Structure formats: structure tokens, C-alpha cells
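Read-outs throughout are calculated quantities, based only on the coordinates presented, and are distinct from any laboratory measurement. Here the structure is a predicted model, which is why all the values come from computation and not from measurement. Heads up, the Cβs are rebuilt from the backbone with ideal geometry, glycines too, and the neighbour counts pull from every protein chain shown.
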Amino acid sequence: MFAPRYAITDKLLANIKRIDRLVSKLNHRRFPKVVLYELERVAREVSAYASTSIEGNPLPLTEVKKILKSRPLHARESEKEVLNYNEALEYLEKELQENKITLSLDLILKIHKIIMAGLLPGKKDEGTLRKRPVVVNDPRTGQIIYLPPEVSEVRPLMTALVEFVNQKSQEIDALILSGIFHKQMVLIHPFIDGNGRTARLITKVLLAQMGVNTFNLFSFENYYNKNVTRYFLYVGERGDYYELRGTIDFTSWLEYFTEGIIDELLRVEGTLPEIAIGPDTELQAHHHQMLNSIRKKGFIKDSDYAKLTDRARPTRALDFQRLIRLGLIERKGKGKATYYVLKEV
């Protein structure tokens, strides 16, 4: 049975209390959903960029944004890593909205299959637990620094971890449970590759389910990417798992983990617009059609919008002006060459 060691230090307790206050404050703010479209898109871009960057992906954020807009069919490996991560985010977001998600080994395997599709030598390793030994190397020196559990113990250890989180969900603080899951999965190292990305995505799900209702806006991976060396220092261990397992203490990691949640919640709070729900911000079906079209194509012209709706030209002009005023789109070009794009946040 999995029984992690940790202590509720003054620092950890203070972090948890601050997170509770921030989450409560955010959850009581109401906005028209459309006002959050751009913020949600930016959060996905930052998450896809940061989580893949942690693992060595060289693409800058500006390039990640372009890739997620164009979604190239013949993507390079670095581009596919970003596209796969974004696909997993979109899948989880939809499942959470429909209350279809329960933590299970099957869910973990499904997410791994999505993020690693086309990135491993053979499909047999996508969405399946590893069948051969692995080692963890220091990215700076290339030397072996950690030996994960043997293949025969991977499934039992992952099963025990899932059972622990599900059974203790009413007894242990949600933030502590999420943090414990994150580190323990990294230590088990259940996959040939993609362990960190999968662990971070499932941690996001746990946080969303446990009350941090900012999944669409939440990019806590970015906190880790600010100092990757520090992240690996806290989330990992050095040595042989079998020599370490009786002495591993999760306390320092939990303090660091909750600091990251605070950092991200403050970012989200500072980014949210000061716009309340009301007649001036209520958008109609045709407004949503316009925004969805821009998302898919990257831009829209008046002639494109005319094909989506039967609204007269003067009325269409007012629609564009309304979304510009709300800060959702911006105008580009002049005269007949005028087009509209989503406004960058």
C-alpha cells in the first residue's frame, strides 16, 4: 500500500490557505464566457509551450502560437509534441465540462497515447506501460542520476497510486493529493517517454476536479519552465528507487508545488478583465459564429462573415465594432483588404 511521507509545515499550510482564498475569489467572479475566449486560448498556448519546453523542445512561444493556429499536417517532431499536448488539453477540457473524468490508470494511459502519438519508434509504446528498464540522466552531464522501479512493479505501483488518490480524496487536502500524485508518478516513471508531460496533465485534471476551477485559464507548467533545474530538483530524486523509497519525503516538493499554484493563480487573477455580465457584454449566436470562424481560419473578412449570417452589411459592421470594443478582435488592413483577427492578450 502506498503511504507517502510528508509534514504539514507552516509554509505549506500558509500556501494552502492562500490558494483557498485566491480560488474562492476567482470562482466568485462571473464573466460572459466569450470574454474568456482569448484567455483560454493563451492558456493552452502557454501550457503547450511550457510543458514541452521543460522536456527540451526548442520551439519559442511565438512559434508555438503559429503552429497551434496553422496546425500543419506534416509537422516536425518538435511541432508534433506541441500539437499533441494541445490536443490532450482540449480533450481533457471537454471531458471535465461534461463531468466524464475519473482518475484511473486507463485515463493516464489514454493521455499518454495522445501526447506521444507518432513520437515513439513504435506504436506499441504509445499509451502502454513500459516493458523494458529505463534510467534518468542528468540533462547537463548525461550521467545516470536515477534508477526507476523494475518493469514488473510499474503496474502495481501505478494502481496503488491511483487507489491512494481516490480513497483519500475526502481525507487529505486536494492540493496535497495532487502534488503527491505528480511526484510519485514521476518517480515510478511508468512510460518509456512522456512521463513528465502526462503527470502534469493529470495533475491539472486533479486540481480542476478538486476545486481549482480555472482549468481553461490555468498554465501552471509555466512556473516550472521558468526554472527547469529547480523543478527537476524538487520533483525527482537521485539514486536507486529501491534504496530511496523508504526515505522519500514529499514535504519540500509540496511546498514548491503549492508555490507554483499561487504564482499561476496570481497570473490568472491579474489577466482576467474587469467586465461584468450584462447586456453590453452578452453575445449572440452570430457573434459566436464569427469568433469560431476566426479560430479555425485565423482571420475573417466581411465577405466571409456575410456567408455565415444573413445580417445586412451595416449590421455586420456594428458586430465587428462590438467585438473590437470588447477586446475580442482587432482590425487589420484597410479598405477592401480589411480583415479581423483575434486580439492578442
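List of remarks:
- Relative contact order, whole percent, for the range 285-342 stands at 38, derived from Cα pairs under 8 Å and 6 or more residues apart.
- Mean sequence separation of contacting Cα pairs (under 8 Å, at least six apart), scaled by the length of the range 56-179, corresponds to a relative contact order of 17 percent.
- Each stretch of four or more DSSP H residues adds -39500 (n - 2.57); spread over every residue of the chain, this sum gives -18000 deg cm²/dmol at 222 nm.
- Considering only alpha-carbon pairs that sit under 8 angstrom and 6 or more positions apart, the relative contact order computed for the chain is 25 percent.
- Residues whose amide H comes within less than 5 Å of that of Tyr146, counting only those at least five positions distant or on another chain, are Val136, Gly239 (H built at 1.01 Å from N in the peptide plane).
- Segment Thr338-Lys226, length gained on full extension (0.36 nm per residue, minus Cα span): 36.5 nm
- Virtual paramagnetic centre 7 Å along Cα→Cβ of Val135, amide N under 18 Å, in the range 224-248: 237-244
- Extension gain for Asp304 to Met1 (0.36 nm times residue separation, less C-alpha to C-alpha distance): 103.1 nm.
- Under 23 Å from the Cα of Lys226 - lysines, other chains or at least 8 residues apart: Lys11, Lys65, Lys66, Lys80, Lys183, Lys204
- Taking the average, over residues, of other Cβ atoms within 10 Å as the packing measure, peptides 105-113, 254-262, 326-334, 44-52 rank 44-52, 254-262, 105-113, 326-334 from highest down.
- Unit charges at the beta carbon, dipole of the range 285-342: most positive-side option, His287, Gly333, Ala306: Gly333
- By the combined test of axial Cα extent (at least 27 Å) and Kyte-Doolittle hydropathy (mean at least -0.5), the qualifying DSSP H helices of the chain come to 251-271.
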